[in-house]
Amino acid sequence: MTKHKPPTAVGMAVRTAVILFVFVIVFTGLLAGAYLWTKPALEASAAEEKMKLIDEVLPRTAYDNELLKDTVALPASPLLGSEEETVAYRARKGGQPVALVLEAVAPDGYAGKIRLIMAVNFDGSIAGVRVTQHKETPGLGDYIEPRKDKNKERPWITQFNGYGYASTTDKEWKVKKDGGHFDSVAGATVTPRAVIKAVRKATKYVAENQTQLYAAK
């Protein structure tokens, strides 16, 4: 009768390594499969959230192209307050340019950076501006968000609609306290000053680069 030799330490180590290797391969395959299975749903959800945000600054009736697929890369720029490349979306109707949706950052908010999304019409006027992220003082500087603004009929952020870089003087791009056009809340002028400056710089960027920004792919 043949006796079986007990496995050596080396043999056990090799066996364990093989089992672990197979486990890793199988587990990785399952993760990859799950990712590929859920990827379309995740992408659709992200696109829907992006469109909800864009809808606040540019109505869908204004364009007829696939906005999220008509993009242009914007390099980091002081005028946009960006430190890395961002993406702008180009709205067109009947093949003609209508507006550009882009992001901007006000680096000098009271409590740090204020991130914005805005739509600039082809004629240079502003279609809409919204704040997407900020850390301004609750109850004081957060009125830059429509849902937190007490003025529901005409939220503060909607004051930009219709204004443009070329049609508005430097003096007008200020709060009324500084001799400009825009309203502000008493005791909270740092926040609106930062937003106004960021919007002005972003419209200047669009005006100076309009040809390249709207160029067909």
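The values are calculated or read from the model by the stated rules, or taken from the named source; none is laboratory data. None of the values given here were measured: they were computed from a predicted structure. Here Cβ is always computed from backbone atoms with ideal geometry, including for glycine, and neighbour counts include all displayed protein chains.
Below, the figures for the structure above:
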read-out: Of all residues making up segment 81-108, the number that are touching a helix residue (DSSP H, G or I) at 6+ places or on another chain (Cβ under 9 Å) and either closer than 23 Å to Thr191 by Cα or small (Gly, Ala, Ser) (or both); value: 12
read-out: One residue from Thr137, Thr61 being within 17 Å of Ala194 (Cβ to Cβ) and either in the same structural domain as Arg200 (by TED's automatic domain parsing) or of a type in the set (Val, Ile, Thr) (or both); value: Thr137
read-out: Members of segment 76-97 found to be polar (S, T, N, Q) and closer than 18 Å to Gly128 by Cα, listed by number; value: none
read-out: Subset of segment 64-86 that is hydrophobic (A, V, I, L, M, F, W, C) and more than 25 Å from Arg193 (Cα to Cα) - its residue that is surrounded by the fewest Cβ atoms within 10 Å (Cβ to Cβ); value: Ala73
read-out: Extreme residue, surrounded by the fewest Cβ atoms within 10 Å (Cβ to Cβ), among residues of segment 171-210 that are of a type in the set (S, T, N, Q) and touching a helix residue (DSSP H, G or I) at 6+ places or on another chain (Cβ under 7 Å); value: Thr189
read-out: Residues within segment 157-192 that are under 21 Å from the mean Cα position of the chain (by Cα), free of Cβ contacts under 8 Å to residues at least 60 places away in the same chain and in a helix (DSSP H, G or I), tallied; value: 5
read-out: Candidates Asp70, Asp108 - the one that is out of contact with any strand residue (DSSP E or B) (no Cβ under 8 Å at 6 or more places or on another chain) and either of a type in the set (Phe, Trp, Tyr) or touching a residue at least 60 places away in the same chain (Cβ under 8 Å) (or both); value: Asp108
read-out: Options Gly124, Gly162: the member that is touching a Ser or Thr at 6+ places or on another chain (Cβ under 6 Å) and over 16 Å from Asp55 (Cβ atoms); value: Gly162
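Here is a yes/no grid of residues against (1) modelled with pLDDT of 70 or more; (2) basic (Lys, Arg); (3) loosely packed, with under 10 Cβ neighbours inside 10 Å:
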{"position": "Pro7", "(1), (2), (3)": "no, no, no"}
{"position": "Val10", "(1), (2), (3)": "no, no, yes"}
{"position": "Thr16", "(1), (2), (3)": "yes, no, no"}
{"position": "Ile25", "(1), (2), (3)": "yes, no, no"}
{"position": "Ala32", "(1), (2), (3)": "no, no, no"}
{"position": "Ala47", "(1), (2), (3)": "no, no, no"}
{"position": "Met51", "(1), (2), (3)": "yes, no, no"}
